[in-house]
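The values are calculated or read from the model by the stated rules, or taken from the named source; none is laboratory data. Being a predicted model, the structure only gives us computed values, none of them experimental. Every residue, glycine as well, gets a Cβ built from its backbone with ideal geometry; the counts of neighbours run over all protein chains shown. Remember, those area values only see protein heavy atoms, side chains included, never the ligands or the DNA or RNA. Shrake-Rupley method; radii C 1.70, N 1.55, O 1.52, S 1.80 Å.
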Amino acid sequence: MIPIPVAEIRPLGRVDADVDEITGVSIDSRRVGPGDLFVAVRGGVAYVDDARSRGAATLVPEDDFAAMAALGRGVRDRSRAEVVGITGSTGKTSTKDILAAMLAQSRQTVANRENLNTEIGLPLTVLEAPPGTEALVLEMGMRGPGQIAELTAIAEPDVGVITAVAPVHLELMGSIEAIAAAKAEL
């Protein structure tokens with residue numbers, strides 16, 4: 001991960017850190033060690049002591065999503081990687097996997113694992129980018145209006161790909177036109 005100074009993390013919530021910069025981020029206390037930051041999202045406060053016992057700094061955020069977005073933006077701002085943002089009603093994961101495999105042939109590439117494409121998963125993917133990453137391929141999921149815009153604000157893609165607009169999530173969006181508008185936020 002591209003390091004982030006702890007001073008930039010302090011405004012995001014309650015921070016306990018014995019280091020000046022963070023070199024890894026996780027929301028799983030079992031996967032942290034010295035130099036890492038454990039972010040206690042969605043009830044993770046119960047695991048803060050476990051993370052501290054492993055030598056990690058901890059963040060109990062005031063707002064889970066805002067904290068993850070700020071952390072992701074902090075690394076994105078320091079990265080020179082070209083970013084491809086991918087969304088669509090269908091085909092996002094396959095498109096992401098194929099494009100990442102192609103780019104990895106000639107460039108240091110990071111892409112979402114599995115379909116970590118939400119307001120938690122996308123920032124975690126950006127945070128995994130080591131110094132020297134040349135391409136970030138980021139799948140962006142959507143369950144409602146404004147979500148693609150929020151993910152786009154974190155990722156700042158250089159290229160956007162919309163794989164398809166189809167009647168997926170009609171129960172949440174109401175119409176195919178609303179789905180198209182949400183995808184167009186990219």
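From the list E185, E139, E177, the one residue that fits, being within 16 Å of the chain's Cα centre (by Cα) and either within 11 Å of G85 (Cα to Cα) or open to solvent by 50 Å² or more (accessible area, probe 1.4 Å) (or both), is E139.
Quick one: in the stretch 143-159, of everything that is in a loop (DSSP other than H, G, I, E, B) and surrounded by fewer than 17 Cβ atoms within 10 Å (Cβ to Cβ), which residue is modelled with the lowest pLDDT? Per the criteria, the residue is R143. For the stretch 165-186, the tally of residues that are in contact (Cβ under 8 Å) with a residue 24 or more places away in the chain and not in a loop (DSSP other than H, G, I, E, B) stands at 7. The residue pairs whose first member lies in the stretch 105-119 and is assigned to a loop (DSSP other than H, G, I, E, B), whose second member is surrounded by 14 or more Cβ atoms within 10 Å (Cβ to Cβ) and of a type in the set (F, W, Y), and whose beta carbons are closer than 7 Å, counting only pairs six or more residues apart or on different chains, are E119/F65.
Hey, among D20, D16, D50, D36, which residue is crowded, with 17+ Cβ neighbours inside 10 Å and of a type in the set (D, E)? It would help to see each step written out before you state the result.
Values: D20 fails: crowded, with 17+ Cβ neighbours inside 10 Å; D16 fails: crowded, with 17+ Cβ neighbours inside 10 Å; D50 fails: crowded, with 17+ Cβ neighbours inside 10 Å.
Result: D36 is the single residue among D20, D16, D50, D36 that is crowded, with 17+ Cβ neighbours inside 10 Å and of a type in the set (D, E).
Okay, residues lined up against (1) hydroxyl-bearing (S, T, Y); (2) closer than 29 Å to S79 by Cα; (3) touching a helix residue (DSSP H, G or I) at 6+ places or on another chain (Cβ under 6 Å):
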residue	(1), (2), (3)
E134	no, yes, no
G146	no, yes, no
L151	no, yes, yes
M173	no, no, yes
E177	no, no, no
L186	no, yes, yes
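Return the residue satisfying two criteria in turn: it lies in the stretch 71-128 and is among the basic types (K, R) and closer than 27 Å to G13 by Cβ, and of such residues it is modelled with the lowest pLDDT.
Keep residues of the stretch 71-128 that are among the basic types (K, R), which gives 73, 76, 78, 80, 92, 96, 107, 113.
The next check asks that each one be closer than 27 Å to G13 by Cβ; those that pass are 73, 76, 78, 113.
On the way: R73: 97, R76: 97, R78: 97, R113: 93.
The residue in question is R113.
Of all residues in the stretch 34-65, those being free of Cβ contacts under 8 Å to residues at least 12 places away in the same chain and touching a strand residue (DSSP E or B) at 6+ places or on another chain (Cβ under 6 Å) number 0. Taking every residue in the stretch 141-158 that is of a type in the set (S, T, Y) and pairing it with any residue that is assigned to a loop (DSSP other than H, G, I, E, B), at least 6 positions away or on another chain, the pairs with Cβ-Cβ distances below 6 Å are T152/L186. I162 meets each of the listed conditions (1) open to solvent by 50 Å² or more (accessible area, probe 1.4 Å); (2) over 24 Å from M1 (Cα atoms); (3) in contact (Cβ under 8 Å) with a residue 12 or more places away in the chain; (4) out of contact with any strand residue (DSSP E or B) (no Cβ under 9 Å at 6 or more places or on another chain) apart from (4).
In summary, R42 fulfils each of the numbered conditions (1) at pLDDT 95 or above; (2) out of contact with any Phe, Trp or Tyr (no Cβ under 6 Å at 6 or more places or on another chain) with the single exception of condition (1).
Evaluate the stretch 77-93: report whether one residue or more is farther than 19 Å from V161 by Cβ, out of contact with any strand residue (DSSP E or B) (no Cβ under 6 Å at 6 or more places or on another chain) and assigned to a helix (DSSP H, G or I). It would help to see each step written out before you state the result.
First pass over the stretch 77-93, keeping only residues farther than 19 Å from V161 by Cβ: 77-80.
Those still in the list that are out of contact with any strand residue (DSSP E or B) (no Cβ under 6 Å at 6 or more places or on another chain) too: 77-80.
Of the ones still in play, those that are also assigned to a helix (DSSP H, G or I) are 77-78.
Scanning the stretch 77-93, I find at least one residue that is farther than 19 Å from V161 by Cβ, out of contact with any strand residue (DSSP E or B) (no Cβ under 6 Å at 6 or more places or on another chain) and assigned to a helix (DSSP H, G or I), so the answer is yes.
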